[in-house]
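Down below is the structure, laid out as structure tokens.
The values are calculated or read from the model by the stated rules, or taken from the named source; none is laboratory data. Quick caveat: nothing in here was measured; it's all calculated off a predicted structure. When we count neighbours, we look across all protein chains shown, and the Cβ atoms used for this are built from the backbone with ideal geometry, even at glycine. For accessibility, only protein heavy atoms count, side chains too; no ligands or nucleic acids. Shrake-Rupley method; radii C 1.70, N 1.55, O 1.52, S 1.80 Å.
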Amino acid sequence: MVKVLFVCLGNICRSPLAEAVTNKLLSDQNIKNWTVDSAATSRYEIGSSPDHRGLRLMKRKGLTSTHRARQICHEDYDNFDYILCMDDDNVRDVRRMAPRKREFSAKIELLGRYDREGPDIIEDPYYGDDRDFEAVYEQCLRACTNFIRTKM
Ligand SMILES: N#Cc1ccccc1-c1cc(NCCCN2CCCCC2)c2ccccc2n1
């Protein structure tokens, strides 16, 4: 049983895409006992569906998402084994928002570190276009594929 939380700034572009990619990879490999979720460091888009550009890309790739944006909370730090962030600002904010009083189980890492062919950082495509969302998808596909392989 692996429990992984993907995190980005608004939880409508990068992290719900990483969540959808991971769910598809697990389903295609008939791996059942994983928990996959995503969250935001900010409160910008709480309750929002994934960005329409991301939903369009998911449809093209045969992915689905019913996710609604939520902000990371203290329970996440013990409910998940891994909190995988998209960029260094996310890592900084996730560390800053962690519960102070106690140790917690989640390992906070950059998702891109699992992408051997690309950069460690998965850039925010919010002010970008479909090509930027495609680039985020390709990085997530490689990184999530390797993440699953190393945690099986
Ligand atoms: N901030 C930044 C930023 C900087 C560089 C590149 C992208 C972004 C950026 C901006 C967003 N919303 C616009 C600003 C939101 N308002 C900012 C001031 C407080 C009230 C809210 C995003 C929303 C969802 C997901 C990712 C986003 N990413």
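Just a few scattered comments:
- In segment 38-106, the GluC sites (Glu not before Pro) that fall in loop regions by DSSP, at most 12 other Cβ within 10 Å: Glu75, Glu103
- Restraint check, Lys32/Lys59; Lys3/Lys61; Lys32/Lys107; Lys61/Lys151; Lys3/Lys101; Lys24/Lys59, Cα-Cα greater than 18 Å: Lys32/Lys59; Lys3/Lys61; Lys32/Lys107; Lys61/Lys151; Lys3/Lys101
- The chain: calculated mean residue ellipticity at 222 nm from DSSP helix runs of at least 4, using -39500 (n - 2.57): -12500 deg cm²/dmol
- Carbon and sulfur %, accessible surface of the chain computed with the full protein complex present, 1.4 Å: 47
- About the centre of its Cα atoms, segment 53-152 shows a dipole size close to 400 debye [charges on the beta carbon of Lys, Arg (+1) and Asp, Glu (-1) only; nearest 20 debye].
- Cα gyration tensor shape of segment 1-77, rounded if a/c is under 1.5, else prolate or oblate by comparing a/b with b/c: oblate
- For the chain, with +1 on Lys and Arg beta carbons and -1 on Asp and Glu, the positive-most of Gln29, Phe147, Ser42 along the dipole: Gln29
- Magnitude of the charge dipole, segment 1-97, Cβ model with Lys/Arg +1 and Asp/Glu -1, debye to 20: 460
- For Asp120, neighbours were defined as the other residues whose beta-carbon sits under 15 Å from its Cβ, and their charges (Lys and Arg +1, Asp and Glu -1) total -4.
- Here nothing in the chain passes the span test, since no DSSP H helix has an alpha carbon length of 24 Å or more along the helix axis and a Kyte-Doolittle mean of -0.5 or above.
- Within-14-Å neighbourhood charge of Asp130 [Cβ basis; K, R +1; D, E -1]: +1
- Percent RCO, i.e. relative contact order, over segment 82-141, from Cα pairs under 8 Å lying at least 6 residues apart: 34
- Loop-resident sites, segment 1-91, for trypsin sites (Lys or Arg not before Pro), counting at most 12 other Cβ within 10 Å (DSSP): Lys32, Arg43
- In the full protein context, the chain carries 52 Å² of accessible surface per residue, based on a 1.4 Å probe and ignoring ligands, DNA and RNA.
- Working from Cα pairs under 8 Å separated by at least six residues, relative contact order for the chain is 27 percent.
- Charge tally in the Cβ shell below 12 Å around Cys73, where Lys, Arg are +1 and Asp, Glu are -1, Cys73 excluded: -2
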